[in-house]
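Report on the structure given below.
The values are calculated or read from the model by the stated rules, or taken from the named source; none is laboratory data. All values reported here derive from a predicted model rather than from experimental measurement. For neighbour counting, all protein chains shown are included, and Cβ atoms are generated from backbone atoms with ideal geometry for every residue, glycine included. Please note that ligands, DNA and RNA were not included when accessible areas were found on the heavy atoms of the full protein model with its side chains. Shrake-Rupley method; radii C 1.70, N 1.55, O 1.52, S 1.80 Å.
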Amino acid sequence: SILENAPDGVFVNSQGVFTFINPKMISLLNAHDESDLIGHDVFERIAPEYHDIVKSRIAFQHETGQNAKIMEQEYIKMDGSRIIVATSAAPIKYRGKESYLVFVHDLSTRKQTEETIIKLSRAVEQSPVSIVIADISGTIEYVNPKFCQITGYTYDELIGKNPNLLKSGNTSPEEYEQLWSTIMTGNVWSGEFMNIKKDGTPYWEAATIAPIKNLKGDITHYVGIKEDITEKKQIYADLIEAKNKAEETVLLKSHF
């Protein structure tokens, strides 16, 4: 009864064939019912590249009587698709035959989550904008390579520090108060800063700072996404200056 209702897949491998299989295992392999599997070769459901290692594990258990370590592998469903699982097996006697009771835990969701995390991590690491993550007190816990490239500081020089080491004095205390008031109440703040690089060079950045919340809805961190807009600012200033000069020229021409 316990095995029938287990949340993981369970089957009995008796001399290489399925002799017992629980509902969860039937579901994992996308079978209609146990008749699709009972009496069939277990290795039909194990991906070919894992056959040798599984056989060696069975031989190890047979010779020593010990349980082998949990193993990650792939099983083949009835439709030909694959599922990533973690398996463990224990030698038993089932219906008078030397057999193995095999427990199968579905890792597909976890693997998909891990792949998503890896993709997000690479996206952050390779981002063309600088990204900084700080705790609720403002202490830096992470910066991406672009942040280091723009500011001139190394990763180790920034971790554990406060972002105010970049302050230029150009932003008023009132503006910083508004920033903190916004993000501490769970809202997103956007604006511009003039900051100072490690070598003392000033630069402008457009920043968006947002709170990161846990499953309970509590703010645990803040993430800042920043773009160096120094060149854009200069181009804009040059355009304004050119416009003003053009207007002066038109005015002088008109007077003339």
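Observations on the model:
- In terms of its C-alpha gyration tensor, the stretch 10-104 has an oblate overall shape, because the principal axis ratio a/c (a ≥ b ≥ c, square roots of the eigenvalues) is not below 1.5 and a/b does not outweigh b/c.
- Shown is the FRET efficiency for L239 and E192, computed with R0 = 22 Å from the Cβ-Cβ distance and rounded to the nearest 0.05: 0.80.
- Under the combined filter of DSSP loop state and at most 12 neighbouring Cβ atoms within 10 Å, the stretch 87-192 retains these trypsin sites (Lys or Arg not before Pro): R95.
- For the stretch 163-210, the solvent-accessible area with a 1.4 angstrom probe is 57 square angstrom per residue.
- Measuring nothing but protein heavy atoms, the accessible surface of the chain at 1.4 Å probe radius is 55 percent carbon and sulfur.
- Cα centroid of the stretch 231-249 to Cα centroid of the stretch 42-110, whole Å: 72
- Acute angle (nearest 10 degrees) that the helix 173-184 long axis makes with the longest principal axis of the chain, alpha-carbon atoms: 20
- Spin-label model, S56 to E157: label points 7 Å out along the Cα-to-beta-carbon direction sit 4.9 nm apart.
- Whole-Hz Karplus values for the stretch 216-222 come out as 7, x, 7, 6, 10, 8, 10 Hz, taken residue by residue from phi with 6.51 cos²θ - 1.76 cosθ + 1.60 and θ = phi - 60°; glycine and proline positions read x.
- Extension gain from E4 to D218, taking 0.36 nm per residue of separation minus the Cα-Cα distance: 73.0 nm
- In this view, the solvent-accessible surface of V188, computed with a 1.4 Å probe and all protein chains in place, comes to about 90 Å².
- Amide H contacts of A68: A89, each under 5 Å away and 5 or more positions distant or on a separate chain (H built 1.01 Å from N in the peptide plane; Pro and chain starts excluded).
- With every protein chain in place and a 1.4 angstrom probe, the accessible-area ranking of L101, L251, L37, largest first, reads L251, L101, L37.
- Coil-residue trypsin sites (Lys or Arg not before Pro) of the stretch 204-256, DSSP, other Cβ within 10 Å capped at 12: K216
- Radius of gyration, Dmax [the chain; alpha carbons; angstrom]: 31.3, 115
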